[in-house]
Amino acid sequence: QVQLVEFGGGLVQPGGSLRLSCAASGIIFRLYAMGWYRQAPGKQRELVATMTGSGTTNYVNSVKDRFTISRDNAKNTVYLQMNSLKPEDTAVYYCNAKRYTENYWGQGTQVTVSS
């Protein structure tokens, strides 16, 4: 059974930082592209950042130079370091694991950026 469990969400002031973690089980982690997506109220889910098993990354323009995705294949964990957070980053953040036709999601973690 595949499980993706996110940690690290919360309330932070504008300009602050958070680090999200996603622990994966039930998959051969290094073979999967891992990603973070987010969904704000009333909006569609959007890609935030992805990283292939070999380390190639991709970011949505709005988070470039502020967010960093990384992974530890030994720990089956993917991270999202979020700096210089803005109110518009407020959303539920979801971890994703993808390989060919396989596509798995975590339950999501709330990130709220507010003063």
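The values are calculated or read from the model by the stated rules, or taken from the named source; none is laboratory data. Source: prediction; values computed, not measured. Reconstructed Cβ throughout: ideal geometry from the backbone, glycine too, with neighbour counts over all protein chains shown. For the accessible areas, the whole protein counts, side chains as well, though only heavy atoms, and no ligand, DNA or RNA atoms are used. Shrake-Rupley method; radii C 1.70, N 1.55, O 1.52, S 1.80 Å.
Rounded to the nearest whole Hz, the Karplus-based 3J(HN,Hα) values (6.51 cos²θ - 1.76 cosθ + 1.60, θ = phi - 60°) of region 81-88 follow the sequence 8, 10, 10, 6, 5, 10, x, 6, with x at glycine and proline. Rounded to whole numbers, the Karplus 3J(HN,Hα) couplings from phi for region 93-106 are 9, 10, 8, 9, 10, 9, 7, 6, 8, 7, 8, 10, 10, x Hz, using 6.51 cos²θ - 1.76 cosθ + 1.60 with θ = phi - 60°, and x at Gly and Pro.
In the full protein context, the chain carries 54 Å² of accessible surface per residue, based on a 1.4 Å probe and ignoring ligands, DNA and RNA. Each Lys and Arg contributes +1 and each Asp and Glu -1, all at the Cβ; summed about the Cα centre of region 31-115, the dipole is approximately 60 debye. On the chain, 47 percent of the accessible area sits on carbon and sulfur atoms, based on a 1.4 Å probe. For the chain, the number of Lys pairs separated by eight or more positions or lying on different chains, with C-alpha atoms closer than 22 Å, is 5. Comparing Ser25, Ser54, Ser70 in a Gaussian network model of the chain (Cα springs below 10 Å), the most mobile by mean-square fluctuation is Ser54. Amide H contacts of Phe67: Asn83, each under 5 Å away and 5 or more positions distant or on a separate chain (H built 1.01 Å from N in the peptide plane; Pro and chain starts excluded). The HN-Hα couplings worked out from phi for region 4-15 by the Karplus form 6.51 cos²θ - 1.76 cosθ + 1.60 (θ = phi - 60°) are 10, 10, 8, 9, x, x, x, 9, 9, 6, x, x Hz, whole numbers, x standing for Gly and Pro.
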